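Novice: Have a look at the structure that comes next, please.
The values are calculated or read from the model by the stated rules, or taken from the named source; none is laboratory data. Not measured: the values here are computed from a predicted model. Using ideal geometry, Cβ is built from the backbone for each residue, glycine included, and neighbour counts are taken over all protein chains shown.
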């Protein structure tokens, strides 16, 4: 596979970050400056800076406990940052509730899958489409035309999204009864249903075998190309990270220790040390 | 997919016919004195409890929260409506009885005031997670009780008498249909899905753009409104209110009905409210053991079937009809208990 | 009656609330459950002590019997009703706890009828400080509560079993991996909480000498309010919350009317939860995502 050629090179932009060539002239979908959070007295994340182009796939890696999921939780305001600014499409996210962040265009999946287990696959996706549908409670209870129009459109949209992962036949299943891999895919579909401009994937390959991981890699690229959105992912599987990401950020003890293209990261002595310990040990 | 316009109208017509048939039969039986006063009393009580249980299911079963102050909302509705009907009167307008209009307005007012109380208590309470909500609603119920005991307009600890006996089968049935239809139609919409998603996983719901507070309040307010309505019907059924009527035990009785019937099953709530109201009325020996049996039921059901006996399964007249007509080779089962026709809306 | 007297009364009742609040706090800390049955364990303890004293047993034996009974009751409730549900949805666990609470109340009603029994006076006398009369009951209540709370704090801070309790409430799974017997630790927590409840029951009956099936319900809930107010999961929090509720109640009864006392206590709860959901001494818990 000649992935290197597929990738567009990262070039510096005026704000000082690196970005894919085709994203250079556009507002970055995500810009984080000096982000930090304390838990009690403990500094969990410190001086976290990054920017993400509109169609970039970026990886957030680092040893266990480095604060990767915390960064995701900060991005969705699940945890409020102590310091720093997060901007989505150029808009500050401070003081917004997680559901407002979602409306700003950030969707996510979770490390431990969080589906609406007792609801059907279709319903799960339709909850993702909640804000795409426009009808009031009154219109719903009286079953006015807007209810039927919105519902039938969103049914079609949900099935279309499910068919992206070839899951349209499972629409009637209870989400909790899906096999593990399908649950992970459903979570992604549900996130895509919210029409995001940035998709956060928290360990999407966890628990997958190598062939499933390869499929996932292709799917991640397909998502980026077909929906033309940016993807930020946390992953431990280095084959996936190196294979699919345009840029990589390495986190250790809540701080960024390295940033750059997969090639740079792979040969960076600091990163190797963080993962494997010092050479003389 | 699940319901398209055509099948929905078909089912609506079917259910309307069933409800109408049920209504006419019962009205005929009451008129012909087949159902004597004792039975109509029980019937009214059943409908009152059905309304309360179905509305509690909205917060308990669909929203997945545990409010322990349902009786508090009922008492707000009961006193509001009773105060209105005992103080005002509306003259008859031709064929329309002024009494009926007054009762309708009073009941709606009771519901609205309960709803307002629900929103006022819900706004702060719903920011808190599960068990705090239970305790804060319990505290709220107790505060209401103390208030009712200590203010003049409710008659204080002496109670409030002279309330007209307006609640009849017609009113009970009307409001039952209202609450069942409202709950069913709400739950099967984007708003209902949002409410259910809160029950399933708050963090995930938030992450796909569901406004948790808003939907908690919606469910809470809806439940409180119908609790108020059932309180009003209750007041005009027993005609005499005292603060002790709406205690913690009543909230718990509602909870048993919902839990037993199935968290998230409207027909489950209807069936269990019916059974749990009739059995202690008819079997006096049971009545003295009632609370012990209720408490054991709660524990046993939770341990062995946490979603309640019916889970989220709904009875459906339409499904029954379809079954009967499709499988002609089988001896078609007659709808065994016709009364359930009104209780099945899907 | 004047302010000082009300305050002393408040501290007296408050220290009983604190003892009960400790039980709620420990159980909540470890299984994240409002043990609705806790108040009814107090009722059970009161009945046992009453019957023991009625049968002519010495006070110490009666108290011991009450403690022993409550410990066993608490542990059995946890084993039979709560343990099978430890992994299931929170709402199921809460409903079960409510069920158990109702069961205890109504079983007591069936067995002993709803008529209140008069609890014998076991602490008599009192003394004067200047003009002010202070009853022995007040002194004993405050001293016993203080000693028990100090002992419990020491136990939790220094002993292995206490450390295990803290570890389990911090992170059950990690504690298990570290070789702590979680089941045993939880049983022990229920045992200690219920034992404290029994002593609280006897102290309560010394000041309000009536034993009846629903005596624990409202008392328990108010103690829970004390626990929330002080900060759930914190031992000093329970003490602070208990004392505050006790004093607030005594002042309301003294200056307003006893009818409003419950409403005031519950308003306290609502205001606390609004302003500081974690309570006065509690720490904010961040849910793992």
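Novice: Exactly one condition in (1) in contact with a helix residue (DSSP H, G or I) (Cβ under 6 Å, 6 or more places away or on another chain); (2) surrounded by fewer than 23 Cβ atoms within 10 Å (Cβ to Cβ); (3) within 14 Å of another protein chain (Cβ to nearest Cβ) is not met by residue A:54; state its number.
Specialist: Condition (3) is where residue A:54 drops out.
Novice: Looking at residue C:183 and the list (1) within 14 Å of another protein chain (Cβ to nearest Cβ); (2) in a helix (DSSP H, G or I); (3) at pLDDT 85 or above, which single condition is not satisfied?
Specialist: Result: residue C:183 passes all but (1).
Novice: Tell me the residue from A:216, A:200, A:233 that is in a helix (DSSP H, G or I) and crowded, with 19+ Cβ neighbours inside 10 Å, please. Give the derivation first.
Specialist: Numbers: A:200 fails: in a helix (DSSP H, G or I); A:233 fails: in a helix (DSSP H, G or I).
Among A:216, A:200, A:233, only A:216 is in a helix (DSSP H, G or I) and crowded, with 19+ Cβ neighbours inside 10 Å.
Novice: Output yes when any residue across region B:198-215 is touching a residue at least 60 places away in the same chain (Cβ under 8 Å), under 14 Å from residue B:74 (Cα atoms) and either out of contact with any helix residue (DSSP H, G or I) (no Cβ under 9 Å at 6 or more places or on another chain) or in a helix (DSSP H, G or I) (or both), and no when none is.
Specialist: no
Novice: Something else about it: Of everything in region B:181-190, what is surrounded by fewer than 24 Cβ atoms within 10 Å (Cβ to Cβ) and touching a residue at least 12 places away in the same chain (Cβ under 8 Å)? Give them in sequence order.
Specialist: Across region B:181-190, the qualifying residues are B:181, B:182, B:184, B:186, B:187, B:188.
Novice: A further question follows. If we keep just the residues of region B:277-300 that are within 14 Å of chain C (Cβ to nearest Cβ) and within 21 Å of the chain's Cα centre (by Cα), which is nearest to residue B:186 (Cα to Cα)? Before you say what the answer is, go through the steps one by one.
Specialist: Taking region B:277-300 as the starting set, the residues that turn out to be within 14 Å of chain C (Cβ to nearest Cβ) are B:280, B:285-300.
So of that shortlist, the ones also within 21 Å of the chain's Cα centre (by Cα) come out as B:280, B:290-291, B:294-295, B:297-298.
Working: B:280: 32, B:290: 33, B:291: 33, B:294: 30, B:295: 31, B:297: 30, B:298: 28 Å.
The extreme case among them is B:298.
Novice: Does residue B:224 qualify as being in contact with a strand residue (DSSP E or B) (Cβ under 9 Å, 6 or more places away or on another chain) and closer than 30 Å to residue B:170 by Cα?
Specialist: Numbers: in contact with a strand residue (DSSP E or B) (Cβ under 9 Å, 6 or more places away or on another chain): no; closer than 30 Å to residue B:170 by Cα: yes.
No, not satisfied.
Novice: Inside region C:113-135, can you point out the residues that are in contact with a strand residue (DSSP E or B) (Cβ under 8 Å, 6 or more places away or on another chain) and either within 14 Å of another protein chain (Cβ to nearest Cβ) or over 12 Å from residue C:203 (Cβ atoms) (or both)?
Specialist: Hits for region C:113-135 are C:116, C:117, C:118, C:125, C:126, C:127, C:128, C:133, C:134, C:135.
Novice: If you go through region A:130-148, how many residues are assigned to a helix (DSSP H, G or I) and either in contact (Cβ under 8 Å) with a residue 12 or more places away in the chain or within 7 Å of chain B (Cβ to nearest Cβ) (or both)? Can you show your working first?
Specialist: Of the residues in region A:130-148, the ones assigned to a helix (DSSP H, G or I) are A:130-132, A:137-141, A:145-148.
Subset that is either in contact (Cβ under 8 Å) with a residue 12 or more places away in the chain or within 7 Å of chain B (Cβ to nearest Cβ) (or both): A:130-132, A:137, A:140-141, A:146-148.
Here the count works out to 9.
Novice: Hey, could you check region B:113-129 for residues that are in a helix (DSSP H, G or I) and surrounded by 18 or more Cβ atoms within 10 Å (Cβ to Cβ) and say which is farthest from the chain's Cα centre (by Cα)? Give the steps one after another, and end with the answer.
Specialist: Taking region B:113-129 and keeping what is in a helix (DSSP H, G or I), we get B:113-125.
From what's left, surrounded by 18 or more Cβ atoms within 10 Å (Cβ to Cβ): B:113-115, B:117-118, B:121-122, B:125.
Working: B:113: 17, B:114: 14, B:115: 14, B:117: 17, B:118: 15, B:121: 20, B:122: 19, B:125: 22 Å.
The extreme case among them is B:125.
Novice: A further question on this structure: Can you tell me which residue among C:167, C:175 is over 22 Å from the mean Cα position of the chain (by Cα), away from chain B (no Cβ under 14 Å), over 30 Å from residue B:68 (Cβ atoms) and buried (at least 20 other Cβ atoms within 10 Å of the Cβ)?
Specialist: Numbers: C:167 fails: buried (at least 20 other Cβ atoms within 10 Å of the Cβ).
Result: C:175 is the single residue among C:167, C:175 that is over 22 Å from the mean Cα position of the chain (by Cα), away from chain B (no Cβ under 14 Å), over 30 Å from residue B:68 (Cβ atoms) and buried (at least 20 other Cβ atoms within 10 Å of the Cβ).
Novice: Would it be correct to say that residue A:98 is free of Cβ contacts under 8 Å to residues at least 24 places away in the same chain and under 27 Å from residue A:225 (Cβ atoms)? Write out each step before concluding.
Specialist: Working: free of Cβ contacts under 8 Å to residues at least 24 places away in the same chain: yes; under 27 Å from residue A:225 (Cβ atoms): no.
For residue A:98, the condition - free of Cβ contacts under 8 Å to residues at least 24 places away in the same chain and under 27 Å from residue A:225 (Cβ atoms) - is not met.
Novice: I'm checking my understanding of the structure. Among residues of region C:77-107 that are more than 7 Å from chain B (Cβ to nearest Cβ), more than 19 Å from the chain's Cα centre (by Cα) and within 28 Å of residue B:202 (Cα to Cα), which one is modelled with the highest pLDDT? Walk me through it before giving the result.
Specialist: Narrowing region C:77-107 to residues more than 7 Å from chain B (Cβ to nearest Cβ): C:77-80, C:82-83, C:86-87, C:93, C:97, C:101, C:104-105.
Next, only the ones that are more than 19 Å from the chain's Cα centre (by Cα) stay: C:79-80, C:83, C:86-87, C:93.
Checking which are within 28 Å of residue B:202 (Cα to Cα) leaves us with C:83, C:86-87, C:93.
Details: C:83: 92, C:86: 85, C:87: 81, C:93: 88.
Only one residue fits best here, namely C:83.
Novice: Inside region B:142-155, can you point out the residues that are free of Cβ contacts under 8 Å to residues at least 40 places away in the same chain and more than 9 Å from chain C (Cβ to nearest Cβ)?
Specialist: Once the filter is applied, which keeps residues that are free of Cβ contacts under 8 Å to residues at least 40 places away in the same chain and more than 9 Å from chain C (Cβ to nearest Cβ), region B:142-155 yields B:151, B:152.
Novice: Still on this structure, I have one more. Take the conditions out of contact with any helix residue (DSSP H, G or I) (no Cβ under 8 Å at 6 or more places or on another chain) and within 11 Å of another protein chain (Cβ to nearest Cβ) and apply them to residue A:41. Does it pass?
Specialist: When the stated conditions are applied, residue A:41 does not pass them.
Novice: Select, from C:212, C:208, the only residue that is surrounded by fewer than 23 Cβ atoms within 10 Å (Cβ to Cβ) and in contact with a strand residue (DSSP E or B) (Cβ under 9 Å, 6 or more places away or on another chain). Steps first, answer last, please.
Specialist: On the way: C:208 fails: in contact with a strand residue (DSSP E or B) (Cβ under 9 Å, 6 or more places away or on another chain).
Sole residue among the options that is surrounded by fewer than 23 Cβ atoms within 10 Å (Cβ to Cβ) and in contact with a strand residue (DSSP E or B) (Cβ under 9 Å, 6 or more places away or on another chain): C:212.
Novice: Restricting the search to region A:116-129, which residues are facing chain B (nearest Cβ under 7 Å) and in contact (Cβ under 8 Å) with a residue 60 or more places away in the chain?
Specialist: To start, the set of residues in region A:116-129 that are facing chain B (nearest Cβ under 7 Å) comprises A:116-119, A:122-123, A:126-128.
Residues satisfying the conditions are A:126, A:127, A:128.
Novice: Conditions: (1) farther than 25 Å from residue A:123 by Cα; (2) free of Cβ contacts under 8 Å to residues at least 24 places away in the same chain; (3) crowded, with 16+ Cβ neighbours inside 10 Å. Residue A:211 meets all but one. Number of the miss?
Specialist: (3)
Novice: Additional query: Identify all residues within region A:94-108 that are surrounded by 21 or more Cβ atoms within 10 Å (Cβ to Cβ) and not in a strand (DSSP E or B); write none if there are none.
Specialist: Answer for region A:94-108, where residues must be surrounded by 21 or more Cβ atoms within 10 Å (Cβ to Cβ) and not in a strand (DSSP E or B): A:98, A:99, A:101, A:102.
Novice: If you check residue B:193 against the conditions, is it free of Cβ contacts under 8 Å to residues at least 12 places away in the same chain, under 21 Å from the mean Cα position of the chain (by Cα) and assigned to a helix (DSSP H, G or I)?
Specialist: Numbers: free of Cβ contacts under 8 Å to residues at least 12 places away in the same chain: yes; under 21 Å from the mean Cα position of the chain (by Cα): yes; assigned to a helix (DSSP H, G or I): yes.
The answer is yes for residue B:193.
Novice: Is there a residue being closer than 25 Å to residue C:50 by Cα and not in a loop (DSSP other than H, G, I, E, B) anywhere in region C:233-241? Quick ask: steps written out before the conclusion?
Specialist: Taking region C:233-241 as the starting set, the residues that turn out to be closer than 25 Å to residue C:50 by Cα are none.
No, region C:233-241 contains no residue that is closer than 25 Å to residue C:50 by Cα and not in a loop (DSSP other than H, G, I, E, B).
Novice: Does residue B:209 satisfy being at positive phi, surrounded by 20 or more Cβ atoms within 10 Å (Cβ to Cβ) and within 14 Å of chain A (Cβ to nearest Cβ)?
Specialist: Working: at positive phi: yes; surrounded by 20 or more Cβ atoms within 10 Å (Cβ to Cβ): yes; within 14 Å of chain A (Cβ to nearest Cβ): yes.
So residue B:209 fits the description; yes.
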